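Read the structure below first, then the notes.
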Amino acid sequence: RREESREEPKEDAEAATPSAPVVPEKLPEVIHDKRLPPEKKATLVREYSVTMMQRLMEQPTATNIQTVKKATTDLVDMILRDDATTFHLINISSHDYTTYIHSVSVGILAVALSKSVFRHSDAHDLHALGAGYFLHDLGKVHVDLDIINKPGRLTDEEMAVMKQHPAMGFSLLEEARQTTDELKLIVLQHHEKIAGGGYPYGLEGDDIHIYGRICAVADIFDAMTAKRPYKKAMPSFEALKAMRDQLVPHSLQKELFEKLVMLFKAR
């Protein structure tokens, strides 16, 4: 069960200033610090990762996209090797929802899920996948905040704008010359549904790549457990139950959902 974090990501006064590096200097230091207790390490890694994604969303330049993409390599390596810190990372929930907090939450959870899914395979580049998961919602920098934070149901016109964010995110990556097959699949397919009816392409079944399906599971879980302008945060257990009862198997793949549940089993 997720626990409320006692230490919220702090507002960074330099977040929007050109002088602040997009990747906080302390992020790699904390990742590689073997002396930190797992719970403390998880709190700090999340805090600095949120600052990184905030700075990227405020200044999504080609250089910043490239820098963040490279920085996710260390994050992926930590998740792959450090089970204790990862367990605490996926059990931290935030009191607030922003696109940059959501990007970090989905990135962490989707990498952990990929680690479980591809545990016995060398056929997948987890570093490339991690970059895709952390950058999956990059296109929302072009969506009006009034739409993202609207405290009610979107109109058809607003939903049409929202549905453009996967393509807009991929365009930003193309302009930055940072595309990979993994990034393309994740960014463009994370809102597709197993039984169809998702966007932007309305794919279904095996036409949705496993990478897109993994990101969709993490994306929906975080959306359900985060506080939004139009709803309260849902506890992890309740969210998992709702996903099982309402979204499996027509929206989410059953096997991936079951592996997600196992991530939250007490160590």
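What to note about this one:
- Backbone geometry of region 186-192 corresponds, through the Karplus equation with coefficients 6.51, -1.76 and 1.60 at θ = phi - 60°, to 3J(HN,Hα) couplings of 5, 5, 8, 10, 6, 10, 7 Hz, x marking Gly and Pro.
- Short-range pairs are left out: with C-alpha atoms under 8 Å and at least six residues apart, the relative contact order of region 115-267 is 21 percent.
- Solvent exposure of the chain as accessible area per residue, Å², 1.4 Å probe: 49
- Here the scattering of region 97-251 is modelled by Debye summation over its C-alpha atoms, one equal scatterer each and no solvent; at q = 0.11, 0.16, 0.18, 0.21 Å⁻¹ the log10 of I(q)/I(0) is -0.41, -0.92, -1.19, -1.62.
- Three-way shape label, region 114-188, alpha-carbon gyration tensor, a/c 1.5: prolate
- Sites ARG81 and ASP146 - FRET efficiency at Förster radius 30 Å, r taken between beta-carbons, to 0.05: 0.10
- Sorted largest first, extent of region 38-94 alpha carbons per principal axis (Å): 34, 23, 13
- Stretchable slack from ALA242 to ARG119, in nm (0.36 nm times residue separation minus alpha-carbon distance): 41.6 nm
- Whole-Hz couplings from phi, Karplus 6.51/-1.76/1.60, listed for region 46-54; x for Gly and Pro: 5, 4, 6, 5, 5, 4, 4, 5, 4
- Mean-square fluctuations from a GNM of the chain, with a 10 angstrom spring cutoff on Cα atoms, peak among LEU129, LEU109, LEU247 at LEU247.
- Within a Gaussian network of the chain (alpha carbon springs, distance under 10 Å), most fluctuating of GLY198, GLY169, GLY107: GLY198
- Take every pair of alpha-carbon atoms less than 8 Å apart whose residues are at least six positions apart; their mean separation over the length of the chain yields a relative contact order of 19 percent.
- Filter on LYS40/LYS227; LYS70/LYS150; LYS70/LYS231 - keep pairs with C-alpha separation over 31 Å: LYS70/LYS150; LYS70/LYS231
- The modelled label-to-label distance between THR61 and ARG177, using points 7 Å beyond Cα along the C-beta direction, is 1.6 nm.
- Put simply, the amide H of ARG228, placed in the peptide plane, has neighbours under 5 Å in ALA233, leaving out anything fewer than 5 places away on its chain.
- Coarse-grained scattering of the chain at q = 0.11, 0.12, 0.14 Å⁻¹, given as base-10 log I(q)/I(0) from a Debye sum over alpha-carbon atoms: -0.56, -0.67, -0.96
- Per-residue extension of 0.36 nm, minus the Cα-Cα distance of ASP156 and ALA195, leaves a gain of 11.9 nm for this segment.
- Dipole check for the chain: with +1 at the C-beta of Lys and Arg, -1 at the C-beta of Asp and Glu, and the Cα centre as origin, the magnitude is about 800 Debye.
- Protein accessible area in region 215-267, 1.4 Å probe - carbon and sulfur %: 60
- Length available on full extension from LYS265 to ASP33: 0.36 nm per residue minus the Cα-Cα distance, which gives 80.9 nm.
- Reduced Cα scattering model of region 61-177, Debye log10 I(q)/I(0), q = 0.20 Å⁻¹: -1.14
- Cα-based radius of gyration for region 179-255, normalised by 2.2 N^0.38 Å, reads 1.12.
The values are calculated or read from the model by the stated rules, or taken from the named source; none is laboratory data. Computed from a prediction, not measured in an experiment: that's the story for all the values here. Please note: Cβ atoms are built from the backbone with ideal geometry, for glycine as well, and neighbour counts cover all protein chains shown. Protein only, heavy atoms only, side chains kept; ligands, DNA and RNA dropped before computing areas. Shrake-Rupley method; radii C 1.70, N 1.55, O 1.52, S 1.80 Å.
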